[in-house]
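Rule-based calculations on the coordinates, nothing more; no lab input. Just so it is clear, the model here is predicted, and its values are computed rather than measured. With ideal geometry, Cβ positions are generated from the backbone for all residues, glycine too; neighbour counts draw on all protein chains shown.
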Amino acid sequence: MTVDSRRPKAIAQAVGLKPICYNTFMNNAAQYVETIHSVEEAIRLMEQLLNQGIKGRGSSQGHPGRDGRGLRGRAARHPVP
């Protein structure tokens with residue numbers, strides 16, 4: 001998926017949102033534009049990680065791991081009210 005950085009600007013323009021807006025009723029529109037921008041930025045970063053990989057981190061493959069207790073021990077000692 002290719003991220004189009006112009007989409008949030010086009011949406012803001014379509015709903016009449018300007019860079020400086022004192023109209024409190026436009027808050028939902030501003031949050032919508034911010035959400036679109038954030039989702040597209042997250043997609044761009046994920047694509048970058050998938051294409052380039054994460055450098056400087058060791059692999060967890062080959063690590064023997066260990067058994068854990070999960071939540072049973074904690075839930076028995078600290079029941080939820």
Original post:
Given +1 on the Cβ of Lys and Arg, -1 on the Cβ of Asp and Glu, and no further charges, what dipole in debye does segment 1-54 carry about its Cα centre, rounded to the nearest 20?
Top reply: 200
Subject >> Distance in nm between pseudo-label sites at Tyr32 and Arg66 (7 Å out along the Cβ direction from Cα) >> reply: 5.2
